[in-house]
Amino acid sequence: MTSLRTRERLVQRLMDQGVSDYKVLDVIRSTPRHLFLDEALSHRAYEDSALPIGYGQTLSQPYIVARMTEILLAASGTKLKRVLEVGTGSGYQTAVLAQLVEQVFSVERIKPLQDRARQRLRDLGLRNVQLSHADGGFGWPSMGPFDGILSTAAPQFVPEELKQQLAPNGVLVIPVGGQAQSLHLVIRDGDSEKFITQELEPVKFVPLLSGTTR
């Protein structure tokens, strides 16, 4: 189930759904998604579906990982140097980002998930990632500002703390809402306090919770 043919089928499915950035598609093709799941679920790794990873969290659907990454890259218009990820989870989205941007700073509130993600990233030789066990809603102020921020959990409203950690012309891609959620793109207008927000498409993510868990 981890064969190249299986991966090609997934990439074709993403292309059929409108993902068109070949750099993103190449990374999805080459990243071993089965390593980010428990062995019992690894045979389902290249389905285009979200899968459980424990602690009430999920490994995001490949389409949404590819789509959010593509939006982040396209909206920035330049090579992203410093990107904050809110919600490391399994580390799969982290691994995809790490192959496309210079540095990834990823925050996770659930310690055991972070520990597993750290080992997977190490096994894949991805050395341009720094991890923090912290409340993601506050971002990582001491490491900011960031050219891009991507959230893998949905707050009810876009957190002001995250907007303030955007560099001039920085880009934030984040799901927002409760029962009904939509993907938002927020761009800082230069270095001003003006933020341009676009609602893109309906999505379904785990909620962005406060606090940390050991």
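The values are calculated or read from the model by the stated rules, or taken from the named source; none is laboratory data. Being a predicted model, the structure only gives us computed values, none of them experimental. As a convention, Cβ positions derive from the backbone with ideal geometry for all residues, glycine included, and neighbour counts pool all protein chains shown. The area values use the complete protein model at the heavy-atom level, side chains included, leaving out ligands, DNA and RNA. Shrake-Rupley method; radii C 1.70, N 1.55, O 1.52, S 1.80 Å.
Overview of values
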{"item": "All positions within the stretch 11-25 that are within 17 Å of residue 101 (Cα to Cα) and open to solvent by 80 Å² or more (accessible area, probe 1.4 Å)", "result": "22, 23"}
{"item": "Residue 105 vs. criteria over 25 Å from residue 49 (Cα atoms), open to solvent by less than 10 Å² (accessible area, probe 1.4 Å) and not β-branched (Val, Ile, Thr)", "result": "yes"}
{"item": "Condition met for residue 183 (out of contact with any helix residue (DSSP H, G or I) (no Cβ under 6 Å at 6 or more places or on another chain) and in contact (Cβ under 8 Å) with a residue 40 or more places away in the chain)", "result": "yes"}
{"item": "Number of the condition not met by residue 53 [criteria: (1) open to solvent by 80 Å² or more (accessible area, probe 1.4 Å); (2) not in a helix (DSSP H, G or I)]", "result": "(1)"}
{"item": "Qualifying residues in the stretch 143-162 (those that are surrounded by fewer than 20 Cβ atoms within 10 Å (Cβ to Cβ), under 23 Å from residue 129 (Cβ atoms) and of a type outside the set (A, V, I, L, M, F, W, C)) - the one modelled with the highest pLDDT", "result": "145"}
{"item": "Search result, residues across the stretch 168-195 that are in contact with a Lys or Arg (Cβ under 8 Å, 6 or more places away or on another chain) and open to solvent by 10 Å² or more (accessible area, probe 1.4 Å)", "result": "168, 169, 181, 188, 194, 195"}
{"item": "Filtered residues of the stretch 60-86 (kept if closer than 19 Å to residue 202 by Cα and assigned to a loop (DSSP other than H, G, I, E, B))", "result": "60, 61"}
{"item": "Filtered residues of the stretch 35-50 (kept if touching a strand residue (DSSP E or B) at 6+ places or on another chain (Cβ under 8 Å) and either basic (Lys, Arg) or assigned to a helix (DSSP H, G or I) (or both))", "result": "36, 41, 44"}
{"item": "Conditions (1) open to solvent by 20 Å² or more (accessible area, probe 1.4 Å); (2) closer than 30 Å to residue 144 by Cα; (3) charged (D, E, K, R): number failed by residue 8", "result": "(2)"}
{"item": "Matching residues in the stretch 196-214 - criterion: being within 20 Å of residue 150 (Cβ to Cβ), among the charged types (D, E, K, R) and open to solvent by 40 Å² or more (accessible area, probe 1.4 Å)", "result": "199, 204"}
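Results for (1) more than 30 Å from residue 188 (Cα to Cα); (2) touching a Leu at 6+ places or on another chain (Cβ under 9 Å); (3) open to solvent by 10 Å² or more (accessible area, probe 1.4 Å), shown as yes or no for each residue.
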| residue | (1), (2), (3) |
| --- | --- |
| 31 | yes, yes, no |
| 64 | no, yes, yes |
| 92 | no, yes, no |
| 101 | no, yes, no |
| 109 | no, yes, yes |
